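Student: Below is the structure I would like to discuss, written out as C-alpha cells.
The values are calculated or read from the model by the stated rules, or taken from the named source; none is laboratory data. On a predicted model such as this, the values are computed, not experimentally measured, just so you know. We place every Cβ from the backbone using ideal geometry, glycine too, and count neighbours over all the protein chains shown.
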Amino acid sequence: MSDGASGSSKRGGAGRGSLPGERLQKLLSRAGLASRRKGEELILEGRVTVNGRVARIGDRAEPGDDVRLDGKSVPLEREHVSFLLNKPAGVVCSVSDEHGRRTVLDLVPEVAGLHPVGRLDMDSEGLLVVTTDGDLTLELTHPRYGHEKEYRLWCEQGTVDKGALARLRTGVELDDGAARALSARAVDGGCVLVLTEGRNRQARRMLEAVGYRVRRLRRTRLGSLRLGGLALGHYRKLDEDELTHLKGD
C-alpha cells in the first residue's frame, strides 16, 4: 500500500464501510470548522489528514485518532455550543477585526470554533446566533431554507406611511436586484419588516428605496427564535428544544 493510501489504523479510524467512527466532514462540522459541504471541499483539497495520512472522501475517524486540518489538530469529542446574543450597535459581526474594534466574540464565552451566523451591520443591533455548529450556520444562512428575519426600524422621517409599506410588500428595485418584504407594518417612528433574505444592509436599502432613512435597526426574530427581554450586550445559551425547532422551521 502506498503512503498516500487511506488504509485503516488499528482503531479503524481511516476506514470505510461498516468500520467504526464518523465521516470526516461530520467531525469537521461538529468541531465548528466547516459545514459538511465545505468539509468535503477541504478533504478534496488534501488539507485534512487522519493519523498522518491525507484523507479521502468517505474516510472516518473516532476518538483516539489524530485528525488534522492544515496541520492543526481537530477536536473529536466536543459538543456544539450555540448562543443567542443581543448585539449592540458599534460591535463588529466577525471573528476578528484588523482594526482592533470590539467583535461579537468579545461578548460571549471563549469557545474554540465559535463564529457568528450571518451578519448584522456594525450600526445595527439585535438578535444574532453565535455557534460552533457549521451545519446550523448553513441551515440559517442558505437562501433555500428561507428562515424569516424580523426587523424593527426607526426612521428619520417617522412612521412609514401606507403607500411605502405597500411598495415594500410588492417589491422594490435595489442595485443588486429586486427585494420584497414578506410583511411590512407601521409602528410608531418607523416600521417592522419581515424578510427571508439577508443581503448586505438590505432592510436599510429597502427603506431608502421608498424615501425613508433608517436611523436605528434591531433584529427581533430569526425563524422561531425571538430576542424577547434579553438585555443589550447580553447572551444566553440556546437549548436543545430551541435548536430542534429552529432546524424544523
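Student: Out of LEU230, LEU243, LEU217, LEU207, I need the residue that is outside any strand (DSSP E or B), modelled with pLDDT of 95 or more, within 20 Å of the chain's Cα centre (by Cα) and not small (Gly, Ala, Ser). Which one?
Tutor: LEU230
Student: Is it the case, given these coordinates, that GLY229 is touching a helix residue (DSSP H, G or I) at 6+ places or on another chain (Cβ under 7 Å) and within 25 Å of THR132 (Cα to Cα)?
Tutor: So GLY229 fails the test.
Student: Follow-up. Give me the residue from region 222-242 that is loosely packed, with under 11 Cβ neighbours inside 10 Å and not aliphatic (A, V, I, L, M) and, out of that set, nearest to GLU125 (Cα to Cα).
Tutor: Only one residue tops the list, namely GLY229.
Student: Using the structure shown, decide if ASN51 is surrounded by 15 or more Cβ atoms within 10 Å (Cβ to Cβ) and in the same structural domain as LEU127 (by TED's automatic domain parsing).
Tutor: Answer is no for this residue.
Student: Determine whether ALA178 is in a strand (DSSP E or B) and touching a Cys at 6+ places or on another chain (Cβ under 7 Å).
Tutor: It is false that ALA178 is in a strand (DSSP E or B) and touching a Cys at 6+ places or on another chain (Cβ under 7 Å).
Student: Here is a follow-up. In region 98-128, which residues are of a type in the set (Val, Ile, Thr) and in a strand (DSSP E or B)?
Tutor: Of everything in region 98-128, just one residue is of a type in the set (Val, Ile, Thr) and in a strand (DSSP E or B), namely THR103.
Student: Can you report the number of residues in region 194-221 which are more than 14 Å from LEU120 (Cβ to Cβ) and hydroxyl-bearing (Ser, Thr, Tyr)?
Tutor: Adding up the residues that qualify gives 2.
Student: Buried (at least 19 other Cβ atoms within 10 Å of the Cβ), part of a strand (DSSP E or B), at pLDDT 95 or above and among the aliphatic types (A, V, I, L, M): is that true of ALA184 in this structure?
Tutor: Criteria met by ALA184.
Student: Pick out the one residue from GLY171, GLY189 that is surrounded by fewer than 21 Cβ atoms within 10 Å (Cβ to Cβ) and in contact with a Lys or Arg (Cβ under 6 Å, 6 or more places away or on another chain).
Tutor: GLY171
Student: Could you tell me how many of the residues in region 150-188 are out of contact with any helix residue (DSSP H, G or I) (no Cβ under 9 Å at 6 or more places or on another chain), under 25 Å from LEU127 (Cβ atoms) and basic (Lys, Arg)?
Tutor: 2
Student: Criterion first (assigned to a loop (DSSP other than H, G, I, E, B), within 25 Å of HIS234 (Cα to Cα), modelled with pLDDT of 95 or more and not basic (Lys, Arg)) does GLY32 satisfy it?
Tutor: no
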